[in-house]
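All remarks here apply to the structure that follows.
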Amino acid sequence: MVQENMIQEPKSGILCDRDIRWEIQNRNIIRGIEPNSLDKQIQPCSFDFTVGTIFDPVNNQIIQVDSSEKIFHLGPGEIISLFTKEELKMPSDLSGLAFATNKQSSRGLLVLNPGHIDPGYEGPLTVKAINLSNIPLVLKSGDVIFTVTFERLNQRCDIPYNSQWTGRKEKESKFYNTDAKCAVKSITKFLELDKSAKIPTKLEIEKMISQKIGKVVKWIFGSFGFVATLWSIYYFLLSGKN
């Protein structure tokens, strides 16, 4: 008879905390977990991934956030790319789905969802983060950047994702040269505003929308007046003929 507290091989479906622990201990699906952090990172049916490598386009450097002494300040409106500290090694019968956390969203950090993770994927997860607040935000080691749910498939897929994993250092270098260097550094740059321009506030955005609507209304009434004028001329000429 199997005891209730024993960890068993999970069946198909979304994995609970016990299933995720089994996958980590028996199939090593997540690497780079700090020895004392496993219990903290395993959630009821997901696993929390933390900040690892930050690609800073402003100062053109790669920052390893691997200790409490190393912190990164993301200025208002700035955009960065980052790798998670933890790395995945997905078997051919397991898929994943990543979600941004409410904690980061609440403080003004918009983490673009990396979304679906295919069976066979190997390596860290990559995301972009934007500071939508009016103050610099601190990113440090151990900060949860998003959480991932796992789902065990009914059977192994025929053609798993080929990630061509060659090691973290090589992946970081390749990503930095092909993506991070060319990435937009801030929202103002993306919107083609002056570099010193401030991010529009809610009231400023509403004002811009109102001005746009006002222009449209003026155009409609102007067009109506033009049509009415043409109709008056036509009616006058028609009356003259009679």
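Throughout, read-outs are computed from the coordinates displayed, never taken from laboratory work. Bear in mind that the values here come from a model prediction, so they are computed numbers and not experimental data. With ideal geometry, Cβ positions are generated from the backbone for all residues, glycine too; neighbour counts draw on all protein chains shown.
Using the alpha-carbon centroid of each, what span in Å lies between region 27-61 and region 66-108?
Spelled out, the Cα-based centre of one part sits 7 Å from the other.
Extending each Cα 7 Å along its Cβ direction at GLN155 and ASP179, get the distance between those two points in nm, one decimal.
That separation, rounded to one decimal, is 3.4 nm.
So what are the ³J(HN,Hα) numbers for region 32-42, from phi and the Karplus equation (6.51, -1.76, 1.60; θ = phi - 60°), rounded to whole Hz, Gly and Pro as x?
After applying 6.51 cos²θ - 1.76 cosθ + 1.60, I find x, 7, 5, x, 9, 9, 4, 4, 6, 7, 7 Hz.
How many nm is it between the label spots at VAL138 and ASN36, if each spot is 7 Å from the Cα in line with the beta carbon?
So the label points at VAL138 and ASN36 sit 2.0 nm apart.
In what sequence, highest mean first, do 157-167, 49-59 appear when ranked by Cβ atoms within 10 angstrom?
49-59, 157-167
Can you give me the distance in nm between label points at ARG27 and HIS73, each placed 7 Å from the Cα along the Cα-to-Cβ direction?
4.5 nm
Would you mind calculating the gained length between SER92 and SER12 on full extension (0.36 nm times residue separation, minus the Cα-Cα distance), in nm to one decimal?
27.5 nm
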